[in-house]
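First up is the structure itself, then whatever we jot down about it.
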Amino acid sequence: MPLLSLNNLVKGFPSENGRRVEVVRIPSFELAEGEQVLLRGESGSGKSTLLNLIAGIVVADSGEITIGDNSLGPLSESKRDAFRARSLGYVFQSFHLLDGFSCLENVELGMSFGAGVDRAFARELLERVGLRNRENYRPSALSQGQKQRVAVARALANRPRLVLADEPTGNLDPKNAVAALELIQSLCRENGAALLLVSHDPQLGAQFDRVVELSELNQADSLQSGEGDAA
């Protein structure tokens, strides 16, 4: 049994002229327990939309997304939210940290939607990402690389089975990008989580169990006609 399975997944959005533009059409894709896969795709390949579909943030038009024993299709919005909080970690390119909260509180906030806040583990994660001495800092006082590390800690806060990462090195300089990727991968291995990371960076492939080209996986009509989204 794969951890993640996609079957005949389709998603489209209305365009400015009212015509529906298909962004995602994936006949089949699987990810095994603990596997680390790079989905490589340029802007417009549908990669962000795909991750949001898997996370249950966006609802598919048709097809099936199965994570473990759970099919997302039949779940209500509230149940999708609960499942995401309990079973998934998500590292966003823009971090999505809340500046009104400290680093520690941002990590704990991720826990609060799942099994509950475990301050000792939140502090352990911040120590693991090298920010134990910054736990009371707000994100505005951190560098881009430090914000990314807080985002990684938050994504692992509920010990998820699957971690999704959307261009997690895109806002970082080369040195911090390498460190961030190594951190994400090592933390996933330590916690037994599978990793699905999307990026356009051609240098990342050697560090993954498997590389999948989105141009080959995604058969959306808009991509064939050059009208893909910006994701």
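Throughout, read-outs are computed from the coordinates displayed, never taken from laboratory work. If you're wondering where the values come from, they're calculated on a predicted model, not measured in any experiment. Virtual Cβ from ideal backbone geometry, glycine too; neighbours counted across all protein chains shown.
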For semi-axes √(5λ) of the Cα gyration tensor in Å, one of (i) 26, 23, 17; (ii) 29, 19, 17; (iii) 38, 17, 15 was computed from the structure I shared and the rest are decoys. Which label? (ii)
In degrees rounded to 10, the 0-90 angle between helix 103-112 Cα long axis and the longest Cα principal axis of the chain is 60
Over 5 Å intervals from 0, what percent of Cα-Cα pairs in region 1-58 sits in each interval? 4, 15, 23, 27, 16, 7, 4, 2, 1
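Could you size up the charge dipole of the chain around its Cα centre, putting +1 on the beta carbon of Lys and Arg and -1 on that of Asp and Glu, and report it in debye to the nearest 20?
Working: 24 positive and 30 negative charges, 137 e Å.
So the magnitude is around 660 debye.
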The long-range amide H neighbours of VAL91, using H built 1.01 Å from N in the peptide plane and a cut-off of under 5 Å, are LEU164, ALA165, ASP166
How far apart, in nm, are the 7 Å Cα→Cβ label points at SER71 and SER94? 3.4
222 nm mean residue ellipticity, helices alone, for the chain (DSSP H n ≥ 4; -39,500 (n - 2.57); rounded to 500): -9500 deg cm²/dmol
Placing +1 on each Lys and Arg Cβ and -1 on each Asp and Glu Cβ in the chain, then taking the dipole about the Cα centre, the residue among LEU162, ASN52, LEU131 whose Cα reaches farthest towards the positive end is LEU131
Please arrange VAL24, VAL129, VAL58 by counting, for each residue, the other beta carbons lying within 10 Å of its beta carbon, fewest first. VAL58, VAL129, VAL24
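For region 4-224, what number of Lys pairs, 8 or more residues apart or on separate chains, have alpha-carbon atoms under 28 Å from each other? List each step's numbers first, then the result.
Numbers: LYS11/LYS47; LYS11/LYS79; LYS47/LYS79; LYS47/LYS147; LYS47/LYS175; LYS147/LYS175.
Summing the qualifying lysine pairs gives 6.
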Testing the spin-label approximation: label points 7 Å from Cα along Cα→Cβ at ARG19 and PHE101. State their distance in nm. 4.3
Listing GLU22, GLU35, GLU16 by rising number of other beta-carbon atoms within 10 angstrom, fewest first, gives GLU16, GLU35, GLU22
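Length gain on complete extension for the stretch ARG138 to ASN171, per 0.36 nm per residue less the alpha carbon to alpha carbon distance?
Length gained, ARG138 through ASN171: 10.0 nm.
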